[in-house]
Amino acid sequence: MPNPVSKNTESLIVEALGMTVEELAVTLGALALIMVLVWYFFGPKKAKAAEVKGLHRYWKSGFTKEISDDLIDVIVAAAEDFSSPMSAMLFFRIHGAATRVSPDESAFGLRGEQWDFNVIGQWADETESARHTAWVREQWGRIEPLISGSAYINHIAGDDLPEKIRASFGPSYDKLVGLKNKYDPKNMLRLNPNLKPTV
């Protein structure tokens, strides 16, 4: 494929990511390459804005094995209608060392190669909360049928269903419930995506 960036830019990418543009394209695919380049050059500015104190945030997240054409269409449409300039849609690729650990060796059991996709609403004025939350929910209503029913457990929203929490622990769920029954049978530690005790 033709190199879409200058030699100077490519040298920065190689230094930061350890891959040439061509290697990134083969590894990630064209769409993901574009997203990496956009994030690399513009993401830090957006991340800096996201560090502003007092921001309100609401997000939905889920895993997907592939970025399908249908998913791309929905994301492109959503990107034309952000309710806030501080909102974002992000893909994080899970691969490499994270996938080489057996699922039964840690609490994080969903260790296959996949993408962690997030729709994040962020805004400063608390009186606008309903509008921005509604935007995230509207986009997620279109996206969720196209991806899996699980997510990275730290990205679970407070209003996600118990079935999603169960699926997100994967094969580790029963073992973790056993630990919960032993060490927290009264469910004192319950403000996170919760594993409910069964005793």
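Every read-out reported here was derived from the displayed coordinates using simple, explicitly stated rules and does not represent laboratory data. Just so it is clear, the structure is predicted and the values come from calculations on it, not from any experiment. Reconstructed Cβ throughout: ideal geometry from the backbone, glycine too, with neighbour counts over all protein chains shown.
General observations
- Pair-distance profile P(r), taking every C-alpha pair of segment 72-164, with 5 angstrom steps and integer %: 2, 11, 21, 21, 18, 13, 8, 5, 1, 0
- Cross-link table LYS60/LYS175; LYS60/LYS180; LYS175/LYS196; LYS164/LYS196, entries beyond 21 Å C-alpha to C-alpha: LYS60/LYS175; LYS60/LYS180
- Computed label-point distance, nm, for sites SER106 and ASP73 using a 7 Å Cα→Cβ extension: 3.7
- Length gained when the stretch PHE92-ALA124 is fully extended (0.36 nm per residue, less Cα-Cα span): 9.0 nm
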